[in-house]
Each structure stands twice: as C-alpha cells, then as structure tokens.
Amino acid sequence: MASSSSWKRDFASGLIVLLPIIVTLTVIIYLYGILASAAFFIPAIDSGLLIALGVPADAATARAVELAQVFVALVLFVLLVFSVGYLMRTAFGDIVERALDDAMNHVPGLRVVYNASKMAVETAVSGTEELQKPVKLEVWDGLRMTAFKTGKTTDDGRDVLFLPTAPNITTGFVIEVDPEDYEETDERVEDALTRILSAGFGDTDKGESPLPITGED
C-alpha cells in the first residue's frame, strides 16, 4: 500500500514539474512557426534567390535564414507596438481608438472577442499596484474568502472585485463592494492564487506540496 502511494506521489510531483514546461515549449514552438512563415512581415527567401546571391542553399543556411526572419519579425512587431503606443498618447490617438472601438462594437460576434481580448491585455499590463491585488472579503458572518481587485470602480464609488472559485479560478463572481467592507492583504498574487488553485493545500511560503500526500515510502 505504501509503495503504491509512493509511486503515485512521485508521478504527480513529476507531472506538476514537467507538464507546465511541455505546454510552455509547445506554445513557444507554435509561435515560432507562425513568425517563421509570416510573409506579411518579410518576404520569403527561396533557394533560387540564395543561389543567385552566391549563398549555398543547404539546410544550415535555410535555418539561419529562418532565424533571421523570426528576429526581423519580432523587431518590426516591437517597433510597431511602440509606434502605436506613442500615437495612442496623442489627441489623434484617442480619436482613432474611439472610432475603432465603435466600429468593432457594431460587428456581431467579433465584438465579444475584441472586447474580451482588449480587457485581458489591459488587465495584464495596466495598473500593477491596484490590479489583481488580493483582498479578504467577509461574505457571511465570520466567513472570509479571497478576492482580487480589478482596478475598476462603479459610478457610486464601489470597487469591482473578482471572487474566484477553487480550484478552478476561471469561474467565479464579479462583485461590487464598498472599500470599507473588505480588507487588503500584504500577500502576493502568486501566494493567493496558489492557495485557491490547490484548494487550500498549497503554501508557497512554507514550501508545502499543493497536493495532499498520504502514506510513507
């Protein structure tokens, strides 16, 4: 019985370490493939052009050209982001953004994708001091739950919080709460998320496993 529990624990621990790495590498490889074939950034270089330039069209050269294409695509994308960001800080940029938002919101179906992606980006890169800050909220007498600030407020001055479920944080409740009705905490977002995702078993400060371990070796 103990040996069965041991190999299950070892398998779970290995899966926790390897699966996020595999998923991350898969996403990186997928994005790399998109950039490598991104003809809209730079034109594709075929073997005929390489031969005309006196460059041997072997596999190593093709790989080097592919890496160069990806690098140039990334540089152009970064320059485009900075250029658009600078434009958005001008009065003309505000007009363009409002016009774009108005146009997209008139397209059925796509407006949901547009607004959701825009909100996701704003959530990830804006308001780092307020955004996603963990708070404690007393939902019933003596019962507290962990919620997160969204950085948004209502017209009557209430703060908009997201109260996630455990262990699936993709579901939960968007609630409007008066600032005096919740308590801010000093913990990191990662610590609060670890506690919720592990259904209360995980503790990053103490280095405990996010899974309950039973049995002995």
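Every number in this text was worked out from the coordinates using simple rules, so none of it is lab data. Just so we're clear, the structure is a prediction, and the values are computed from it rather than from any experiment. Note: ideal-geometry Cβ built from the backbone for every residue, glycine included; neighbour counts use all protein chains shown.
Quick look at the values:
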quantity: At R0 = 25 Å, FRET efficiency that the Cβ-Cβ distance of Ala68 and Tyr30 yields, to 0.05; calculated: 0.80
quantity: q = 0.15, 0.17, 0.20 Å⁻¹: log10 I(q)/I(0) that the Debye formula gives for region 66-169, counting C-alpha atoms only; calculated: -0.93, -1.06, -1.19
quantity: Rough spin-label spacing in nm, given labels placed 7 Å along Cα→Cβ, for Met88 and Asp155; calculated: 2.6
quantity: Estimated FRET transfer efficiency when R0 is 30 angstrom, pair Leu76-Asp186 (beta carbons, to 0.05); calculated: 0.10
quantity: Per-pair calculated FRET efficiency, R0 = 25 Å: Thr165 and Ser6 via Cβ, rounded to 0.05; calculated: 0.20
quantity: Gain in span if fully extended, Leu143 to Val113, counting 0.36 nm per residue against the direct Cα distance; calculated: 7.2 nm
